[in-house]
DNA sequence: GAGTAGTGCAACGATTGCATTGCACATCAT
DNA sequence: ATGATGTGCAATGCAATCGTTGCACTACTC
């Protein structure tokens with residue numbers, strides 16, 4: 001099941017931020033809490049929490065409650081789905097633009 | 001040759017806008033000028049031109065001069081490269097988080 | 001129960017991004 | 001040459017984003 005075409009820009013907007021990208025890479029290593037993640041970032045814990053919320057809304061991470069701690073985990077399958085959709089779109093463009101070029105030259 | 005890891009967020013930021021996404025889809029159909037593209041958009045020609053410039057800087061489109069007209073064309077290979085990088089990252093996450101989970105459960 | 005650690009929420013300021021309008025310049029057609 | 005078309009650049013207004021600080025609340029620890 002792929003995600004809707006119209007939600008793609010929203011997902012990419014979430015990926016299109018250096019801080020969020022860093023958080024995702026960190027989460028790809030191991031799940032962690034907002035406080036733990038903030039310790040490795042040059043910004044406040046609240047700012048990190050906000051970024052994580054953006055990532056969660058984009059479906060790129062999920063949360064897991066451990067007592068008073070909220071652990072965030074990267075969702076690889078979602079990222080794979082994004083990659084698939086992107087590739088499918090690229091394939092469509094390639095073939096369409098190729099035929100246009102062929103028609104122009106032939 | 002894939003693009004550098006650090007430029008990935010920049011590329012996704014370019015993709016993370018509804019207007020630019022629409023322009024890309026339109027360009028995936030056939031090359032077109034900024035003025036022609038603006039005719040199908042609810043925003044001004046200058047605004048469209050600015051979006052196209054962003055896409056060009058992200059390496060997602062390329063320009064071709066035809067007299068006084070600047071034609072924009074989508075670069076499918078770049079999109080494919082992005083898809084590949086995204087998928088590779090997702091695969092890495094999957095395997096790493098899977099072993100962590102296995103270790104926690106075992 | 002007292003103290004500590006982890007979150008969440010709200011208000012604020014600064015920065016960035018998006019779209020607009022107006023103007024100037026280059027190019028094509030007549 | 002004249003007029004129309006396609007671009008580019010600059011200034012402005014508006015909105016969203018990002019980060020901060022301060023405070024309150026909940027859940028562990030002792």
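Only the coordinates and a few stated rules stand behind these numbers; no lab work does. Predicted model, so just to flag it, every value in this text is computed and none were measured. Cβ: placed from backbone, ideal geometry, glycine included. Neighbour counts: every protein chain shown.
The table below lists the values:
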read-out: Residue order, fewest to most surrounding Cβ atoms within 10 angstrom, among A:75, B:43, A:65, A:100; value: A:65, B:43, A:100, A:75
read-out: Inter-copy spacing of residue A:18 label points, which lie 7 Å from Cα along Cα→Cβ, given in nm from shortest upward; value: 2.9
read-out: Rg(Cα) / (2.2 N^0.38 Å) computed for segment A:1-77, rounded to two decimals; value: 1.07
read-out: Cα centroid separation - segment B:31-106 against segment A:47-106, whole Å; value: 12
read-out: Translational D in µm²/s for the protein assembly as shown (Stokes-Einstein at 25 °C, 0.890 mPa s, Kirkwood Rh from C-alpha pairs); value: 132
read-out: Angle in degrees between helix A:18-29 and the longest Cα principal axis of chain A, rounded to the nearest 10; value: 80
read-out: Nearest-ten-degree value, helix A:76-105 long axis tilted from longest Cα axis of chain A; value: 20
read-out: Shortest-first distances to equivalent copies, position residue A:102, nm, label 7 Å out along Cβ; value: 4.5
read-out: Computed [θ] at 222 nm, helices only, for chain A once each DSSP H run of length n ≥ 4 contributes -39500 (n - 2.57); value: -21000 deg cm²/dmol
read-out: Teacher prompt: residue B:39 distances to equivalent labels in other copies, 7 Å Cα→Cβ, nm; value: 6.0
read-out: Choice from B:62, B:53, B:94 with maximal GNM fluctuation in chain B (Cα, 10 Å cutoff); value: B:94
read-out: Nearest-ten-degree value, helix B:45-57 long axis tilted from longest Cα axis of chain B; value: 40
